Amino acid sequence: MDPYRLPKIAFPSRYDITLRPDLDTATFSGTETIRVTVGEPADEIILNAIEIDIEEATLGDRSLSTSHDPETERIRLSDGAQIPPGEHTLSLRFSGILNDKLHGFYRSTFTDADGRDHVVATTQFEATDARRAFPCWDEPEYKAVFGITLVVPEGLLAVSNGAEISRTKLDDGTIRILFSDTPRMSTYLVAFVVGPFVATEPVDAGGVPLRVVHQAGQERLAEFAVEAGAHYLRWFADYYDIPYQGDKMDLIAIPDFAFGAMENLGAVTFRESALLVDLETASHGEVQRVSEVIAHELAHMWFGDYVTMKWWNGVWLNEAFATFMEMIAQDAWKPEWKTWLSFAPLRSRSMITDALQATRPVEFPVVAPHEADEMFDVLTYLKGSSLVRMLQRFLGEEVFRKGVETYLEAHAFANTETSDLWAALEQASGQPVGSVMESWIFSGGYPQVDIGLDNGSIVARQHRFQYRPSGDGDLWQIPLTLAYGAGDVVHRTDVVFDTPEIRIDVEDPVNWVLANAGGHGYYRSRYSPDLLERILERLDRLSALDRYGLIDDMWACVIAGQTDIGAYLDLLTRFGNETEHAVWTAIVESIRQIHHTFDPSPAFERYVRDLLTPAAKRLGWAPHPEEDGLTRRLRGLLISALGRYGNDGQVRARAIELLPAVFDHTLDPEVAQAVINVTADAGLADYETFFSEYERAETPQDENRYLYALPLFPDRALVERTFAMALDGRIRTQNAPFVVELLLANRSASRVAWDLYTHHWDDQVRAFPPSLLKRTLGTLWTLSDMADEVHAFFDRRTVRHAEKAVTQELERLDAMAAFRDRASEQLVVYLTE
């Protein structure tokens with residue numbers, strides 16, 4: 001018998017579940033009745049359960065014995081006699097714990113404004129943790145209707161997927177709350193939340209009542225979520241031309257939450273910082289993140305909840321498509337935010353991982369469900385959504401939308417494979433979508449396209465881009481978009497090529513060529529030196545996405561050893577008049593990587609000041625009344641980079657002067673964030689004050705600003721103190737791994753942080769859920785001067801549910817160590833000259 005996939009003998013169609021959580025003892029009890037169809041004579045019924053005690057089990061009037069298999073997280077129910085085919089009613093009585101691991105049915109806590117402690121019972125079931133709350137067929141393909149009843153103490157708010165339809169006061173003083181039935185859906189989408197919460201008044205979102213559920217006193221922080229949630233729910237229904245299938249929508253802010261949010265149908269749960277925001281004090285980036293997370297989760301109501309993958313190998317399509325749709329929806333709502341331009345740095349994050357030999361295909365076989373945990377990464381979300389965007393641009397927006405609508409209608413309330421989507425898009429477009437996308441989805445990595453001119457023809461050659469080339473001869477079907485100038489005319493051509501080389505003949509002499517024109521292709525471009533110079537001569541006529549790609553691609557080639565670091569730094573000096581935040585993000589990100597990879601250098605700091613100061617002076621320290629959010633965001637980026645990587649004394653002095661205005665919330669939020677980071681990084685702020693501001697923060701964004709500044713302080717004793725707080729509970733488990741990640745990247749104290757990290761490794765394993773433990777790995781690349789030591793540590797350990805992530809991060813570390821060895825002299829020579 002397959003140890004991971006349930007035998008296809010019994011199929012649930014309906015669950016009626018009653019749960020009674022006890023918040024004081026961190027336990028719960030429950031009963032459920034499951035309508036089951038048995039397809040063939042069976043000796044037993046097998047379903048999933050873990051950390052649950054089964055107290056009674058019956059099938060109709062037959063009493064069943066229970067055996068547990070903790071290794072496979074299953075229970076077997078039998079009375080020794082055969083179970084005939086047909087409809088049956090399975091009834092179970094059980095009990096369990098409200099754990100503190102942020103999965104299954106778990107405890108969350110918070111302290112209110114009056115200093116009183118409160119407990120919340122909440123859920124997080126994806127991928128395979130519904131089985132910790134109630135026995136079930138805990139696989140995506142076993143869809144069913146769920147009728148939920150919660151029995152809770154009076155005075156607490158209880159929320160589930162359906163709308164509340166009745167409440168009854170019981171003799172023991174508790175309240176029994178019955179919720180409406182859900183549509184057919186998978187177990188991982190079931191949710192229930194019980195706690196001392198309040199809800200906003202419902203607003204109409206296209207005929208659906210929508211609320212935001214939160215702690216008392218956070219009402220003003222919920223206003224933007226109400227507006228965004230109502231807009232996106234209406235917008236998606238219009239885009240898909242399919243109504244939302246639930247009878248209400250609650251967006252719920254949870255104090256302790258492992259992920260950003262979870263798309264439970266009708267009861268979406270969020271980290272507080274991903275849902276609640278004060279528009280007066282939040283930065284543009286913080287508001288945009290709230291918008292994107294809400295859009296992402298509501299996109300799932302169709303792509304993921306309404307139509308669901310058959311098995312976890314297909315989870316990439318759920319997440320990639322929701323990420324893509326959040327961008328489409330936000331761009332339509334707030335075009336001034338330039339969403340697709342802001343997405344470019346996110347795509348670059350996936351391309352870093354995907355340039356490693358240890359990358360993986362977007363979709364790969366998943367045998368054990370826990371293997372799906374490793375799919376919740378940048379390749380699933382960011383590479384996947386980048387490929388969907390590339391496909392949409394290739395097919396055309398309206399054809400693509402029609403294909404998606406066809407796909408959803410054909411598989412309503414059902415389960416699909418990736419090939420089902422390709423088939424619908426092929427039907428709508430007449431294009432061979434499946435064959436074009438196969439190499440992109442089922443092979444790791446991506447191509448580099450080298451562009452040159454030969455006897456009047458444009459020549460494009462493809463090969464795999466890697467930091468450490470393996471010699472693989474992989475080929476992709478590349479939707480190549482070329483723009484080129486011939487005389488005074490600009491031409492544009494689209495071709496798909498799957499050969500090592502393609503020649504494009506043109507009639508007139510070519511002045512310049514731009515590959516990946518528009519910036520939506522998922523590949524690197526590299527130009528012959530003469531073509532690169534011609535592109536730079538018309539830099540002001542390139543789109544912002546094209547300018548971003550030029551910098552990002554060249555920086556990747558520097559790390560890969562294809563381009564001299566001096567040539568790259570010289571290229572950046574051509575961008576002195578740049579005004580787009582995203583383009584400067586690419587510049588500053590490369591500066592940050594140099595800062596963390598090479599020994600401190602006054603000459604490099606001077607280069608950073610020379611490069612950034614003119615743009616920073618143009619903007620000044622205070623925003624203008626008519627200034628847009630991205631310009632304000634750019635100001636903060638430049639101030640922070642000058643203070644942290646340019647060692648700019650004037651910027652640091654001004655930052656110290658502005659700290660009182662930061663504490664009073666009288667400074668522009670973008671500048672305030674920069675001031676906090678600059679003064680912490682230089683050790684110029686008072687740690688105790690920052691810690692106090694963190695503890696008494698009134699918004700999730702303020703809390704995060706001060707919390708994530710603490711690991712920037714360079715003092716050894718403060719590094720030790722911050723690390724201790726990450727493990728002793730003073731920093732929430734949901735945030736602590738990110739604090740550890742930042743500590744490892746503290747260039748002034750990386751040795752101290754690494755020693756703490758290794759010495760307390762077992763403590764971290766015990767304290768952090770596996771999904772969060774792997775977050776500590778994200779800055780290992782900054783330890784290039786300790787690469788051998790880092791390798792030796794992880795070679796002796798297995799990081800559960802993160803084996804692939806460890807291998808990837810170690811390879812990236814090796815790539816940066818090789819870059820350090822190779823480019824150190826180049827950097828000195830360039831800066832000296």
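The values are calculated or read from the model by the stated rules, or taken from the named source; none is laboratory data. Predicted, not measured: the structure shown is a model, and the values here were computed from it. Don't worry about glycine lacking a Cβ; one is built from the backbone with ideal geometry, like all the others, and counts go over all protein chains shown. These accessible areas exclude ligands, DNA and RNA; they are computed on the full protein's heavy atoms, side chains included. Shrake-Rupley method; radii C 1.70, N 1.55, O 1.52, S 1.80 Å.
To two decimal places, what compactness ratio does the stretch 1-195 give when its Cα radius of gyration is scaled by 2.2 N^0.38 Å?
1.04
In debye, nearest 20: dipole of the stretch 308-441 around its Cα centre with unit charges on the Cβ of K, R (+) and D, E (-)?
Dipole of the stretch 308-441, to the nearest 20 debye: 400 debye.
How many angstrom separate the Cα center of the stretch 682-726 from the Cα center of the stretch 798-814?
28
To the nearest µm²/s, what D does Stokes-Einstein give for the stretch 714-833 at 10 °C and 1.306 mPa s, using the Kirkwood radius over alpha carbon pairs as Rh?
Roughly 105 µm²/s, to the nearest whole number.
Once every Cα of the stretch 60-155 carries one equal point scatterer and solvent is ignored, give the base-10 log of I(q)/I(0) from the Debye formula at q = 0.10, 0.13, 0.17 Å⁻¹, two decimals.
Log-scaled intensity ratios, in q order: -0.41, -0.64, -0.99.
Measuring from a point 7 Å past the Cα of R766 along Cα-to-C-beta, which residues in the stretch 726-749 have an amide N at less than 12 Å?
728
Could you do me a favour and compute the accessible area per residue for the chain, 1.4 Å probe, result in Å²?
37
In the P(r) worked out for the chain, what percent of Cα pairs fall beyond 48 Å?
21
Measure off 7 Å from each Cα along the Cα-to-Cβ vector at D238 and T579, then give the distance between these two points in nanometres to one decimal.
Output for this residue pair reads 3.0 nm.
Please report the antiparallel percentage of DSSP beta bridges with both residues in the stretch 445-587, rounded to the nearest 5.
Around 85 percent antiparallel, to the nearest 5.
Which length gain, in nm to one decimal place, applies between R796 and E695 when the Cα-Cα distance is subtracted from 0.36 nm times their residue separation?
Difference between extended and current length: 32.6 nm.
What is the distance in Å between the Cα centres of the stretch 496-569 and the stretch 602-654?
Each part's Cα centre sits 28 Å from the other's.
Separation between the E537 and D24 pseudo-spin-labels, each 7 Å from Cα along Cα→Cβ, expressed in nm?
About 8.2 nm separates the two model spin labels.
For the charge dipole of the stretch 271-370, defined by +1 on Lys and Arg C-beta atoms and -1 on Asp and Glu C-beta atoms about the Cα centroid, which residue among H300, P335, Q357 has the Cα displaced farthest towards the positive pole?
Farthest towards the positive pole: Q357.
Among V145, I52, T109, which residue has its Cα furthest toward the positive end of the charge dipole of the stretch 1-195, with +1 on Lys/Arg Cβ and -1 on Asp/Glu Cβ?
It is V145, whose Cα lies furthest towards the positive end.
Considering only C-alpha atoms, what is the centroid distance from the stretch 102-135 to the stretch 12-45, in Å?
20
Just subtract the alpha-carbon distance of E417 and D785 from 0.36 nm times their residue separation and send over the number in nm, one decimal.
Using 0.36 nm per residue and subtracting the Cα-Cα distance, I get 128.0 nm.
Between 0 and 90 degrees, rounded to the nearest ten: what's the tilt of helix 669-681 against the longest Cα principal axis of the chain?
80
Hey, with R₀ at 41 Å, roughly what FRET efficiency would R220 and D61 work out to, going by the Cβ-Cβ distance, to 0.05?
0.15
Helix 544-559 sits at what angle to the longest principal axis of the chain, using alpha carbons and giving 0 to 90 degrees rounded to 10?
The answer is roughly 80 degrees.
Taking every DSSP beta bridge with both residues inside the stretch 1-195, roughly what % is antiparallel (nearest 5)?
Antiparallel bridges make up about 90 percent of those DSSP assigns within the stretch 1-195.
Dipole size in debye (nearest 20) for the chain around its Cα centre, Lys and Arg Cβ +1, Asp and Glu Cβ -1?
700
How much length would be gained if the chain were fully extended between R716 and E825, taking 0.36 nm per residue of separation minus their Cα-Cα distance, in nm to one decimal?
Extra length available between R716 and E825 comes to 36.2 nm.
Rank I565, L276, A680 by how far each Cα sits towards the positive end of the charge dipole of the chain (+1 on Lys, Arg Cβ; -1 on Asp, Glu Cβ) and give me just the farthest.
So the residue furthest toward the plus end is I565.
Hey, for a label at S13 modelled as a point 7 Å past Cα toward Cβ, could you say which residues of the stretch 24-46 have their backbone N under 15 Å away?
34-40
Tell me the relative contact order for the chain as a rounded percent, counting alpha carbon contacts under 8 Å between residues six or more apart.
Taking the mean separation of contacting Cα pairs over the length of the chain, I get 8 percent.
Each residue of the stretch 471-483 in order: what ³J(HN,Hα) in whole Hz does its phi give by Karplus 6.51 cos²θ - 1.76 cosθ + 1.60, θ = phi - 60°, with x for Gly and Pro?
Result, rounded to whole Hz: x, 4, x, 4, 10, 10, 8, 9, x, 8, 10, 10, 10.
Expressed as a whole percentage, what fraction of the accessible surface of the stretch 121-182 belongs to carbon and sulfur atoms when a 1.4 Å probe is rolled over the protein heavy atoms?
Ligands and nucleic acids excluded, carbon and sulfur reach 47 percent.
In deg cm²/dmol, rounded to 500, what helix-only [θ] at 222 nm does the chain give when every DSSP H run of at least 4 residues adds -39500 (n - 2.57) and the total is split over its residues?
So the calculated ellipticity at 222 nm is -12500 deg cm²/dmol.
When the dipole is taken about the Cα centre of the stretch 1-77, and only Lys, Arg (+1) and Asp, Glu (-1) are charged at their Cβ, what size is it in debye, to the nearest 20?
400
Using only Cα atoms and rounding to the nearest 10 degrees, what angle (0 to 90) does helix 339-354 make with the longest principal axis of the chain?
Roughly 90 degrees between the two axes.
Could you rank the peptides 717-723, 530-536 by their average count of other C-beta atoms within 10 Å per residue, with the highest value first?
Top of the packing list down: 717-723, 530-536.
Let me know the number of lysine pairs in the chain closer than 17 Å at the Cα, not counting same-chain pairs under 8 apart.
6
At R0 = 45 Å, how high is the FRET efficiency between D728 and D664 if r is their beta carbon distance? Nearest 0.05 is fine.
Computed FRET efficiency for D728 and D664: 0.90.
Within the stretch 19-58, whose backbone N sits under 17 Å from a point 7 Å along Cα→Cβ of S91?
Answer for this model: 19, 30-36, 54-58.
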